[in-house]
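Heads up: the structure comes next, in structure tokens.
The values are calculated or read from the model by the stated rules, or taken from the named source; none is laboratory data. This is a predicted model, so every value here is computed, not measured. FYI the Cβ positions are ideal-geometry reconstructions off the backbone, even for glycines, and counts take in every protein chain you see. In case anyone asks, the SASA skips ligands and DNA or RNA and just uses the protein heavy atoms, side chains included. Shrake-Rupley method; radii C 1.70, N 1.55, O 1.52, S 1.80 Å.
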Amino acid sequence: MRLDNPVSSDPAEDDPLPAPQVSTAQRGLFLLAVFYTIYLTRSLLLPVVLATMLTYLLAPVVRLGSKLRLPRALSAAVIVLGLLAALGFAFSTLVEPAAGWLEKAPVSFKLLQKRIRPLKDPVKKVTEASAEMEKITQVETDAPAVQVKEKPMIDKLMESTPAFLAGLLTTIILLFFMLSYEDQFLRNVIRVMPTLKDKQRAANIARDINRHVSRYLLTITAINAGLGVCVGLAMWALGLPNPMLWGVLAALLNFVPYLGAITGIVIMGLAAVLSYPSFAWAMVFPATYFVLTTIEGNIVTPMILGRSFTMSPIFIIFGLLFWTWLWGIPGTLLAVPILVTFQIFCTHIEKLRPFRELMEK
């Protein structure tokens, strides 16, 4: 007696199971969870991201050392020690004038109010009327006023110093090992990709990030350093105290597109008003800063970078606000390199290409 293999009479049983559908609400909840995780783990992620960006910036120097037959570990150690020496020199040189500005900030703001008092006369009547209206609408109460005494700025900075030093030490250690074993790590990442297509995509992404992000960071760092030198020399020639401090500040602020230049102009104007009795002469300093940043932003940077990294200004502003909200000042400085890296991922991953079109100018 022969038994035939049973065949299902229901054709639906032969069809594969349908893929689960993901709703828009589930995607939104997933994104919120990712953002919350990034915010919650910022003390861990910040050194990793900063070390990664510094690796992209300094990796060409390590490759140059490899061409000269120097071990990667030796090149990485020399770079890290040089970076530490530069940070130590900048800290020892600039901490005293910066602390001086912070210590006399309360007195300086009172002096600033006296300097700009002539500009407040047109709105004086409006302010007095507003104060009268506030008195009329204010509810009288016998409860004593509670005054909250804030800590001085120096005490707040001292409290945050241990966390800053711990993050800096973590970043330096990660930077050394990333520079020393960059190629090996990339090979391991490509090796664990499941398919040949995924391996090719990972290799292309790694190649483009190493080429484009390294070029971008090197170019922007050189441009900002040049701008800092020009601003420092201009402030020295005009006679503003601590010209090196203003040059370094201009170089750092210029890593933040648009908002950095505006912030620098405002700070420069306040410092000049506090340093010189003539308001007209004080405005020469922010005007000089504005001219230098305008030349850099509209002539030098477009001429050097071209259209390789064109990005919508609206998208850049949103990115700056987002990463500043998540990570504070470090997020502000890292926002544009993160956006450039994300733009490269969007180029190679098909599902993310609409974001690339959204980011383009």
Original post:
N298 to L64: extension gain in nm, 0.36 nm per residue of separation minus the Cα-Cα distance?
Top reply: 81.1 nm
**OP:** Place the peptides 285-298, 241-254 in order of packing, highest mean first, counting for every residue the other Cβ atoms within 10 Å and averaging per peptide.
**Re:** 241-254, 285-298
Subject >> Per-pair calculated FRET efficiency, R0 = 30 Å: K351 and A25 via Cβ, rounded to 0.05 >> reply: 0.95
Original post:
Taking the simple approach of a point 7 Å from Cα along Cα-to-Cβ for both F290 and T41, what is their distance in nm?
Top reply: 4.5
Original post:
Charges only on Cβ, +1 for Lys and Arg, -1 for Asp and Glu: so what's the dipole of the range 176-244 about the Cα centre, in debye to the nearest 20?
Top reply: 380
Original post:
Highest mean first, what order results for 69-76, 83-90, 269-276 on Cβ atoms within 10 Å?
Top reply: 269-276, 69-76, 83-90
Original post:
What is the distance, in nm, between label points placed 7 Å from the Cα along the Cα-to-Cβ direction at V189 and at V95?
Top reply: 3.5
Original post:
How would D208, D183 rank on accessible area, largest to smallest, probe 1.4 Å?
Top reply: D183, D208
Original post:
Measuring from the lowest to the highest alpha carbon on each principal axis, how far does the range 252-361 reach, largest first, in angstroms?
Top reply: 60, 32, 18
**OP:** Tabulate in residue order the Karplus-calculated ³J(HN,Hα) for the range 290-302, using 6.51 cos²θ - 1.76 cosθ + 1.60 with θ = phi - 60°, rounded to whole Hz; enter x for Gly and Pro.
**Re:** 5, 4, 5, 5, 5, 4, 5, x, 10, 10, 5, 5, x
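Full-extension gain between F177 and N204, please, as 0.36 nm times their residue separation minus the C-alpha to C-alpha distance.
Extending this stretch completely gives an extra 7.4 nm.
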Original post:
Can you give the accessible area of Y36 in Å² (nearest 10), computed on protein heavy atoms with a 1.4 Å probe?
Top reply: 140
**OP:** Return the distance in nm (one decimal) between the two label points of a simple spin-label model at W236 and A163, each offset 7 Å from Cα along Cα→Cβ.
**Re:** 3.7
